[in-house]
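Read through the structure below, which is laid out as structure tokens, and then see the notes.
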Amino acid sequence: MSTPVLTIVVPCYNEEEVLPETILQLGAVIRELIQDKLISKSSTILFVDDGSKDQTWTLIERFHLSHPYVTGLKLAKNAGHQNALLAGLMKAKAYSDCVVSIDADLQDDVLAIREFVVKYNEGYEIVYGVRQSRGTDTAFKRATAQGFYKLMTNMGVRIIYNHADFRLMSKRTLDELERFPEVNLFLRGIVPLIGFRSTQVFYDRKERFAGESKYPLKKMLAFALDGITSFSVTPIRFVTLMGFILFAISIVAAVYAIIGKLVGANVSGWTSLILSVWFIGGVQLLALGLIGEYIGKIYKEVKQRPLYVIEKEALATANVTKEHLPAEPVSVRR
Ligand code: UDP
Ligand code: MG
């Protein structure tokens, strides 16, 4: 078996401070893997400059001239981490057998890439890098991130716990990923939907090598909300549930108010008022939830996700001609 061509895709947004070190470390990984005959000599690193405002692209170009395995892709404007990553993956899949995605800041363990490739060579199509410890993250980041994973799982979104965007995907997986025409891209939710044989590799998450996080709280919250609303209708169901509860309460309130009216304890006019308030409130929420259900369906349709992914085929080849078949059947079993 010939060795696979690997491409490491690295999205970069204003990463001039870390880039030289990243290139150094990833370059060492690539060279070692080539030396140990685990990957092909034509394996490369693809840096995707996500509309940086600093020297990121200049650096990429400069390293490209001196290091043949450094390649780059420059986006016209800042498209966001997920979109930049997708741009890199789709470019790389044309000439790679497998692609590893990793952040530029060296928080993920570059040495795990070797294990990814070993797993790929064993036949796994997707290898998820999973953080073993978050000791170096701030307590706040750790709590919010963990809460996020819990919430997602509770809302029925299939994501891998403590896995971000450090993973290996085979060319076939990327071909399938291309069939997801999503606009609100949330890769770590989509990749498990594809299926295929997958495994996990554990590593320790480190501190950012240099520079600042490009995910301030505001972006992080938007990302989390995107993830939930793109994959789950639970929030809509919640509205419907509230409607039901309020409706039930309105019936109890009705009984209470009518009894009050009959025994003459109510101020005149109160009964009809309070009945309408509860009843209308309940009906409105129910109706909202119902409309929400339909909007949820429309939303799913608009996304046009592929309905299935084919893993293997065992069909008669369509273009088998007579010449390819043996002239006489050797044995015919009935
Ligand atoms: N990034 C990007 N475009 C953006 C924001 C971030 O390409 O608009 C890249 C960034 O350069 C880094 C990766 O996405 O390689 C993850 O960002 P960061 O490390 O700042 O996020 P954190 O680890 O703090 O969640
Ligand atoms: Mg980071």
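The values are calculated or read from the model by the stated rules, or taken from the named source; none is laboratory data. This is a predicted model, so every value here is computed, not measured. Cβ placement follows ideal geometry from the backbone for every residue including glycine, while neighbour counts extend to all protein chains displayed. Heavy atoms of the whole protein, side chains included, go into the accessibility calculation; ligands, DNA and RNA do not. Shrake-Rupley method; radii C 1.70, N 1.55, O 1.52, S 1.80 Å.
Structure notes:
- Every test in (1) within 16 Å of ligand 1 (Cβ to nearest atom); (2) at pLDDT below 85 is passed by residue 187 save one, and that test is (2).
- Set 312, 300: member being within 41 Å of the chain's Cα centre (by Cα) and either surrounded by 10 or more Cβ atoms within 10 Å (Cβ to Cβ) or at pLDDT 80 or above (or both): 300
- Condition check for residue 190 on (1) open to solvent by 10 Å² or more (accessible area, probe 1.4 Å); (2) free of Cβ contacts under 8 Å to residues at least 24 places away in the same chain: one failure, at (1).
- Residue 73 passes every criterion in (1) free of Cβ contacts under 8 Å to residues at least 40 places away in the same chain; (2) closer than 15 Å to residue 169 by Cα; (3) within 16 Å of ligand 1 (Cβ to nearest atom) apart from (2).
- Subset of segment 112-150 [modelled with pLDDT of 95 or more, within 16 Å of ligand 2 (Cβ to nearest atom) and in contact with a Lys or Arg (Cβ under 8 Å, 6 or more places away or on another chain)]: 129
- Options 43, 52; residue that is touching a Phe, Trp or Tyr at 6+ places or on another chain (Cβ under 8 Å), away from ligand 2 (no atom under 16 Å from the Cβ) and small (Gly, Ala, Ser): 43
- Identification of helices (runs of 4 or more DSSP H) wholly contained in segment 211-310 with 2 or more residues that are within 16 Å of ligand 1 (Cβ to nearest atom) and basic (Lys, Arg) yields 217-231.
- Count - residues of segment 112-125 that are open to solvent by 20 Å² or more (accessible area, probe 1.4 Å), in a helix (DSSP H, G or I) and closer than 19 Å to residue 192 by Cβ: 2
- Flag if residue 109 is within 16 Å of ligand 2 (Cβ to nearest atom), farther than 15 Å from residue 11 by Cβ and either crowded, with 19+ Cβ neighbours inside 10 Å or at pLDDT below 95 (or both): yes
- Those residues of segment 96-105 which are in contact with a Lys or Arg (Cβ under 7 Å, 6 or more places away or on another chain) and within 13 Å of ligand 1 (Cβ to nearest atom), in sequence order: 101, 105
- Any hit, segment 201-213, residues being buried (at least 19 other Cβ atoms within 10 Å of the Cβ), at pLDDT below 90 and not acidic (Asp, Glu): yes
- Residue under evaluation residue 157, criteria (1) at pLDDT below 90; (2) open to solvent by 10 Å² or more (accessible area, probe 1.4 Å), criterion not met: (2)
- For segment 29-52, the candidate set comprises residues that are within 11 Å of ligand 1 (Cβ to nearest atom) and either over 25 Å from the mean Cα position of the chain (by Cα) or open to solvent by 10 Å² or more (accessible area, probe 1.4 Å) (or both); within that set, the residue that is nearest to residue 85 (Cα to Cα) is 51.
- Number of positions in segment 58-73 that are under 26 Å from residue 41 (Cβ atoms) and open to solvent by 50 Å² or more (accessible area, probe 1.4 Å): 7
- Count of residues meeting criterion [touching a strand residue (DSSP E or B) at 6+ places or on another chain (Cβ under 8 Å) and part of a loop (DSSP other than H, G, I, E, B)] in segment 77-110: 9
- Figure legend. Inter-residue proximity from segment 6-26: first residues farther than 8 Å from residue 47 by Cβ and part of a helix (DSSP H, G or I), second residues at pLDDT below 95 and open to solvent by 50 Å² or more (accessible area, probe 1.4 Å), beta-carbon distance below 6 Å, spacing 6+ or different chains. Indicated pairs: 21/209.
- Residue ID - most open to solvent (accessible area, probe 1.4 Å), chosen from residues in segment 161-187 that are closer than 24 Å to residue 79 by Cα and among the polar types (S, T, N, Q): 184
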